[in-house]
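This report concerns only the one structure given below.
No value in this document is a laboratory result; all are computed from the given coordinates. Since this is a predicted model, take the numbers as computed values, not measurements. Cβ sites come from the backbone with ideal geometry, for glycine too, and all protein chains shown count toward neighbours.
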Amino acid sequence: MVTPKKAVTHDIVIIGGGLVGASLGCALAPLIERHALRVAVIEAAPLPSSEAPLTWQPSFDARASAIAEGAAQRFRRLGVWEAMRQEAAPIKRIHISERGRFGATRLNAADVGVDALGYVIPNAWMGRVLHYHLTGLPLEWHCPARVETIAPIAEGHRLTLSDGNELVGALTVLADGGRSGLKEQLGIDNAHAPYEQTALIANVAVSQPHQGIAYERFTRDGPIALLPLPGNAMELVWTHPAGEEKARMTLSDSEFLAQLQGAFGDRAGRFTHVGSRHAYPLTLTTAREPVRPGLAVLGNAAHALHPVAGQGFNLALRGVTDLVDTLSDGLAAGQPLGAMALLEAFERRREDDRANVIRFSDGLVRLFGLDLPLLSHARAAGLIGLNLAGPLRRSLARRAMGVER
Ligand SMILES: Cc1cc2nc3c(=O)[nH]c(=O)nc-3n(C[C@H](O)[C@H](O)[C@H](O)COP(=O)(O)OP(=O)(O)OC[C@H]3O[C@@H](n4cnc5c(N)ncnc54)[C@H](O)[C@@H]3O)c2cc1C
């Protein structure tokens, strides 16, 4: 429990400059200014020319995320929404259906009196905007640098970096996506519930304008989501039983498009082009200890969800702003940033939202994944009922927008 002399002490160290760590860096700007906080962000992957002015070249190989209206409001608060929206496609309508069954649910922006139910933004653009914003803030940016070891000490946590630096964080935020082994070093266990499914992601072009419609189609093998992108491309998230995606990853483009057409049908038009394909194995993973003295776990490191309801990053962004609000309260009250009482207050703010979102998206996957004839009818009836029952549908729309917890 001795702090090495050469380690540099920071008020807050963020491990991971991905979507969540970078958002947290941006969200801390007012606290950095008001309290002269010393903050460092450490990101392992090199960023392509992050200081260059923001420009965008559309390509066919980028992942995109559905961002709820609530997340857009948070991006406004961070001062990045104007830039984000340059490459954001508004979702005007969500169409939910089940292949081979009668019944569909339509959620309309107009029904809830808003211009958009949410937005779809390429992840590469979100990263670009956040990193560009970060470079203008008075914080330390260690990139590329990997945190190799983390250990609790009396002052917080001591980190050793691949670039030879050693840092001590009074508060360390673990936003490493959960795959770097740091949670294991700390002895923080995960709860795993594998879905035995893999998401195949690609951008596709369609023969007709998408008109801002996002489709969620439940098939026997798992859900298929099609999200509108800026211009006329769409983001495909095609869930497969684990292992079955492998054959589709290697199909020729024309064979792939024909199989997609067969599985999805014609509702969105004819699929004419597909970009590069990426596969993501799906498991519900949650960290059993989201906070410890001097440590908070955020984003995918805290909860990796099934992408069916597009909630993972939206949930994480609420965690980011709740953490900043809790730290702001703590600083005003003179509490140390790593104090367990403060971090427990943060966890109390988060637990219901997190549990609700996990229950919602996990329940959706499991409800549509069960192949029982009676259940299918119940699901179809449910979809039809949802279509008819205005208040229920509006409630679902508000949840999709991230304005209902
Ligand atoms: C197929 C799919 C589709 C999705 N679609 C949506 C959607 O539509 N809407 C939505 O809200 N969510 C969606 N999600 C969830 C969303 O992608 C995640 O919630 C989000 O990416 C989590 O970001 P993160 O920053 O926590 O983790 P990551 O994106 O994994 O970032 C972690 C960062 O930490 C860095 N890092 C790792 N280890 C270290 C280390 N030791 N030292 C330093 N840096 C390190 C990595 O380089 C990386 O940049 C989807 C997820 C999947 C799999």
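A few remarks follow.
- Note, ³J(HN,Hα) from phi for region 94-99, Karplus 6.51, -1.76, 1.60, rounded to Hz, x at Gly and Pro: 10, 10, 10, 8, 10, 5
- Put in order of Cβ neighbour count within 10 Å, fewest first, the listed residues VAL120, VAL168 become VAL168, VAL120.
- For region 118-171, the direction-averaged projected area of the alpha-carbon convex hull comes to 5.6 nm².
- Under a 5 Å amide H cut-off, with hydrogens placed 1.01 Å from N, VAL41 pairs with ILE14, GLU140, TRP141, HIS142 among residues at least 5 apart or on other chains.
- Paramagnetic label zone (point 7 Å from Cα along Cα-to-C-beta, ASN232; backbone N under 15 Å) in region 244-271: 268-271
- Sorting the segments 352-358, 195-201, 137-143 by their residues' average number of neighbouring beta-carbon atoms within 10 angstrom, most packed first, yields 195-201, 137-143, 352-358.
- In a fully extended conformation the segment linking GLN208 and ALA355 would gain 49.0 nm over its present Cα-Cα distance, using 0.36 nm per residue.
- Taking Lys and Arg as +1 and Asp and Glu as -1, the other residues whose beta-carbon sits under 11 Å from that of VAL80 total +4.
- Among 32-44, 301-313, sorting by the average number of other beta carbon atoms lying within 10 angstrom of each residue, highest first, gives 301-313, 32-44.
- Dividing the alpha-carbon radius of gyration of region 192-336 by the rule-of-thumb value 2.2 N^0.38 Å gives 1.33.
- Calculated SAXS-style log₁₀ I(q)/I(0) at q = 0.17, 0.25, 0.28, 0.30 Å⁻¹ - region 141-187, Debye, Cα scatterers: -0.46, -1.02, -1.24, -1.35
- Highest-first packing order for the peptide set 315-324, 250-259 is 315-324, 250-259, based on the mean count of other beta carbon atoms within 10 Å.
- Normalised by 2.2 N^0.38 Å, where N counts its residues, the alpha-carbon radius of gyration of region 67-160 equals 1.62.
- ALA333 sits among other residues whose Cβ lies under 15 Å from its own Cβ, and their net charge, with Lys and Arg +1 and Asp and Glu -1, is -2.
- Taken over the C-alpha atoms, region 280-369 has Rg and Dmax values of 14.4, 50 angstrom.
- Whole-Å semi-axes of the ellipsoid equivalent to region 128-244 (Cα gyration tensor, √5λ, descending): 39, 23, 11
- Rg/Rh, computed from the Cα trace of region 249-294 with Rh as the Kirkwood radius, has the value 1.33.
- Scattering curve values for region 215-278, log₁₀ I(q)/I(0), Debye with Cα scatterers, q = 0.20 Å⁻¹: -0.82
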